[in-house]
1. For L79, state whether it is crowded, with 17+ Cβ neighbours inside 10 Å, modelled with pLDDT of 95 or more, among the aliphatic types (A, V, I, L, M) and over 20 Å from E23 (Cβ atoms).
2. Please count how many residues of segment 581-610 are more than 18 Å from V158 (Cα to Cα) and surrounded by fewer than 15 Cβ atoms within 10 Å (Cβ to Cβ).
3. From the list E246, E203, which residue is at pLDDT below 95, under 23 Å from S408 (Cβ atoms), surrounded by 13 or more Cβ atoms within 10 Å (Cβ to Cβ) and assigned by TED's automatic domain parsing to the domain that holds E437?
4. State which residue is surrounded by the fewest Cβ atoms within 10 Å (Cβ to Cβ) when the search covers only segment 221-243 and only residues that are out of contact with any strand residue (DSSP E or B) (no Cβ under 6 Å at 6 or more places or on another chain) and in a loop (DSSP other than H, G, I, E, B).
5. Out of everything in segment 209-220 that is loosely packed, with under 15 Cβ neighbours inside 10 Å and outside any loop (DSSP other than H, G, I, E, B), what residue ends up being nearest to the chain's Cα centre (by Cα)?
6. Restrict the check to segment 192-199 and report whether at least one residue is without any contact (Cβ under 8 Å) to a residue 24 or more places away in the chain, surrounded by fewer than 16 Cβ atoms within 10 Å (Cβ to Cβ) and either farther than 21 Å from K436 by Cβ or in the same structural domain as K400 (by TED's automatic domain parsing) (or both).
7. Select from segment 17-38 the residues that are of a type outside the set (S, T, Y) and assigned to a strand (DSSP E or B) and write down the one among them that is farthest from L94 (Cα to Cα).
Amino acid sequence: MAKTLVIVESPAKAKTINKFLGEEYLVKSSMGHIKDLPRKGLGVDVYKDFQPRYHIIPKKAKALEKLKELADKMQRIYLAPDPDREGEAISWHLYSELKKTTNDVKRIVFHEITREAIRDALAHPREVDQRLVNAQQARRILDRIVGYKISPLLWRKVRGGLSAGRVQSVTLRLICEREKEIKSFKPEEYWSIHTKLQGKSKEIFEVDLEKIADKKVKITDQIQAQEISSQLAKEEFILEKIAKREKKRFPFPPFITSTLQQEAARRVHFSAKRTMRIAQQLYEGLDIGGGEMVGLITYMRTDSFRVAQSAIQEARGYIRKEFNQECLPPKPRYYRSRKGAQEAHEAIRPTSCYRTPERLREHLTIEQQRLYGLIWNRFLASQMREALLEKRTFNIRAGKFSLFCSNSRVRFKGFLSLYPEDRIFKEKLLPALEEKETLKLSEVLPRQHFTQPPPRYSEASLIKVLEEEGIGRPSTYASIMETIKSRDYVESHKGNFHPTPLGETVIELLVKSFPDILNVRFTSQMEDRLDKVEEGKENWIDLLHSFYGPFASDLSRAQREMRYVKKELEEKTDKICEKCGSPMVIKYGRFGKFLACSNFPKCKNSRPLTLEIRCPRKDCDGEVVQRRTKKRRTFYGCSNYPECNFFSWDRPAGKGCPECGSFLVEKYSKSKGRYLKCANKECSYSE
């Protein structure tokens, strides 16, 4: 008969932990938070020291009652949600409800779901940490005040269904400001001069002009480029010096939340949301054969590079056994976390190096394999010896002209054998030549270039900026991305964020009305202050008072002065409403743009916005419409739906395939750029 109730927040986690504990323990799930601020109304008394009014979440009422019934039969209760602020808040709310059944309610914490970690946690119970609770509570109240006070203002002035957020709005501002930089960017012309040379080996190689009369070359137009090229072609080319230099390339630290999201986006093309979902599965535990349930990685919401000494020793033992002694550095590697990191947490690592990706392959889904392999490789590589590269440089003199070329070759792979960087291995070796050798000129190649605008943010690059600027916390990045996409503030094209006219308008209004909240530095400083609350160095109520006074003043002014822009966001068209004869306008809706009558609300006529391309179905007279799924993914359908169920993920080009009679769609690749391809998978036609 069980005497101890262990409560976690996830059913999957409960299932795994149940496997580790004996019959005296019963592990149950709270299904996440059991209490929160009410969905309707602010739920915070701003005049009484911001006291929150927590309500039991209606969907969790039955689960809570079952936990109470079980707790009433137990001698002790252990609260075991995740080891972070959210987990501490869940524990606090559970404690407030269950302490009535028994006084023996304790908090336990573990950073990996393994038998040893669970047993160690049970041996060291503690009280709920009120400092972590206060930090979470302060953040929740801050975000509630900002969201519930500003969002209704946007509904009145801009459009219904919009939202503002303390962190999401600053993130959107970064995207919009980058778009302004791109639009205002004026490309500048410049030229580079390259020569193709060959020595005694007869192998042709390319060399770049770097200096003229020992001054850095700067060529601004074609006339100057041709003049320099003509002079250069008359000179004798001498290989003046061959310089060799050894370079060391050190391994990266193991993953933290932000770097995992960035690398998963770069290497396996996972969104931040998808990465965190899969990491949660790996952390909570999976069946790895023979009924063995075990957590495969440590806790995935962390900003610390700290690694347990036992894990480092296990990694070194594995490297020594499976690779060789040369791959093992003489001392363990330790990595310094950034200022303010939660050093109680560990970096993201496998719970055992001996659970290799190959061994687990048949027990994991493809996406689990990819992410686990990335985490496993990164951690093992972080404890391996550095790579040794030999850099070889040719310094070539041609009269007053100095030319250079260089390349690297890997002398010792070290950690690169496990965690390679593609660019190192793509470089070509230079020919075998000798100093003072005279080289023969094959060709002079002047090349025109234009300076490029800064790139738009991808998820990976935006996460990097958010982390560098101290905006939000890594555990919130995935939800930030999803929120700004779901509100139609941004669109994702080829993996990059483009602000919509709606997003740009909202940011323009918010920056003018709320300069503090929309300030990157202000947001970063607020995160630092929340950290101080967690450390017990600042009172959470004082923090909220210092924020609310200026905010209330800005809000009052914005309610009077913010511009009314609902009509400005409507795009005029030459189409006429067939019901009342008024012009039709383009509006934004939940599933994208649509046509609506400008005489609304008197006339409520609306219809899909077509691309003016005939439906590819030969028996249909409809037109192609761009739509979005509930998960915001763009697809193309027919305006006659549901009578016609035409569907395509790729945009139809309005042309038929000359080979098979199907239809062509627009495609894009880095090598080809934009091109057309037949939608029929069995047809290889493209143009």
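1. Numbers: crowded, with 17+ Cβ neighbours inside 10 Å: yes; modelled with pLDDT of 95 or more: yes; among the aliphatic types (A, V, I, L, M): yes; over 20 Å from E23 (Cβ atoms): yes.
Yes; evaluated as a whole, the condition is true for this residue.
2. The qualifying residues number 4.
3. Numbers: E246 fails: surrounded by 13 or more Cβ atoms within 10 Å (Cβ to Cβ).
Only one candidate passes the filter, namely E203.
4. Once the filter is applied, the top-ranked residue is K234.
5. Residue satisfying both the conditions and the ranking: K216.
6. no
7. Filtering first and then ranking leaves L26.
Yes/no per residue for (1) part of a strand (DSSP E or B); (2) more than 35 Å from the chain's Cα centre (by Cα); (3) under 17 Å from I90 (Cα atoms):
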| position | (1), (2), (3) |
| --- | --- |
| L5 | yes, yes, yes |
| K15 | no, no, no |
| L42 | no, no, no |
| Y47 | no, yes, no |
| A61 | no, no, yes |
| E65 | no, yes, yes |
| L70 | no, yes, no |
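The values are calculated or read from the model by the stated rules, or taken from the named source; none is laboratory data. None of the values given here were measured: they were computed from a predicted structure. With ideal geometry, Cβ positions are generated from the backbone for all residues, glycine too; neighbour counts draw on all protein chains shown.
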